[in-house]
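Comments concern the structure below.
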Amino acid sequence: MKKKLTLYFLCGIVSLLLIGCGSAPSKESTTKSSSSEKTSEETTKAPATEPKTTQTPETKESTTESSNEQSSVSISFHGYKISISSLWIEQQNSADSMTYRTDDATMMIKYNSESYDLTNELIQKSAIDGFVSSFDDYVSVDTKVSTIGEVPGVIHSFELSLNSIPATGKFAIFSDGENGSCGIMYVSKKDTKTDYANDFDSMISSVVPETSAE
């Protein structure tokens, strides 16, 4: 059982190791840059005495930024609806695995055909131990049993080092015990200013069976 639960996330480790080796494109940064250049150009061309120079695009830019921070996209994944914040940029998409990136974090959503009784304490422990054993520099922070998508689940938070970069993250596994299991995991740089932990918690709270979402 430990081997199966270890392999459950193993294919995602490669993606997580890439955190410090590049960055995902930032739509917000592109929008800001374009808006700032346009503002500068319009200000330069407009005569100082014309009252029209009081019209600036900064207010619109601020509204857009606020909207992006709060917006989310709902996806369907193996019988569940999951709301994902717009800060995550999709990288890879297959029937059983989805990967998202930001400038300093990686997230994976994965389906496993194996079903687990996550109400069983031994299986809960196996899920954690199997993941922990994949890393040398690993610190368990917190583990809790929770209901995710109306089925039993386990949420675990941790700290580790990836390519000598201090990192932190969480993973959640949930299963109805009959139709396979799903997992969601993120890892981010420890010194990031973005509250990925809160974003992860909101995403987990959003998980509902598709039948309930209709």
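Can Pro166 be described as assigned by TED's automatic domain parsing to the domain that holds Phe200, assigned to a strand (DSSP E or B) and loosely packed, with under 14 Cβ neighbours inside 10 Å?
yes
May I ask you to verify whether Phe174 is in a loop (DSSP other than H, G, I, E, B) and out of contact with any helix residue (DSSP H, G or I) (no Cβ under 8 Å at 6 or more places or on another chain)?
No: the conditions fail for Phe174.
Kindly list, by first and then second residue, each pair from a residue in the stretch 101-117 that is of a type in the set (Lys, Arg) to a residue that is crowded, with 22+ Cβ neighbours inside 10 Å, limited to pairs with Cβ atoms under 6 Å and residues at least 6 apart or on different chains.
Once the first residue is of a type in the set (Lys, Arg) and sits in the stretch 101-117, its partners that are crowded, with 22+ Cβ neighbours inside 10 Å give Lys110/Gly183.
What residue, among those in the stretch 102-157 that are among the aliphatic types (A, V, I, L, M), in a strand (DSSP E or B) and out of contact with any Phe, Trp or Tyr (no Cβ under 7 Å at 6 or more places or on another chain), is farthest from Asp191 (Cα to Cα)?
From the stretch 102-157, those among the aliphatic types (A, V, I, L, M) are 105, 107-109, 118, 122-123, 127-128, 132, 139, 141, 145, 148, 151, 154-155; that's our starting set.
With in a strand (DSSP E or B) added as a condition, the list becomes 105, 107-109, 139, 141, 145, 148, 151, 154-155.
Of the ones still in play, those that are also out of contact with any Phe, Trp or Tyr (no Cβ under 7 Å at 6 or more places or on another chain) are 108, 145, 154-155.
Details: Met108: 20, Val145: 27, Val154: 26, Ile155: 22 Å.
Filtering the stretch 102-157 for residues that are among the aliphatic types (A, V, I, L, M), in a strand (DSSP E or B) and out of contact with any Phe, Trp or Tyr (no Cβ under 7 Å at 6 or more places or on another chain), the one farthest from Asp191 (Cα to Cα) comes out as Val145.
Restricted to the stretch 151-179, and to residues that are under 16 Å from Glu114 (Cβ atoms) and of a type in the set (Asp, Glu), which residue is nearest to the chain's Cα centre (by Cα)?
Within the stretch 151-179, the match that is nearest to the chain's Cα centre (by Cα) is Asp176.
Only residues that are of a type in the set (A, V, I, L, M, F, W, C) and at pLDDT below 90: list them for the stretch 135-159, please. Walk me through it before giving the result.
Step one: filter the stretch 135-159 for residues of a type in the set (A, V, I, L, M, F, W, C), giving 135, 139, 141, 145, 148, 151, 154-155, 158.
Phe135, Val139 - these are the residues of the stretch 135-159 that are of a type in the set (A, V, I, L, M, F, W, C) and at pLDDT below 90.
The values are calculated or read from the model by the stated rules, or taken from the named source; none is laboratory data. Just so you know, these numbers come straight off a predicted model, no measurement behind them. Don't worry about glycine lacking a Cβ; one is built from the backbone with ideal geometry, like all the others, and counts go over all protein chains shown.
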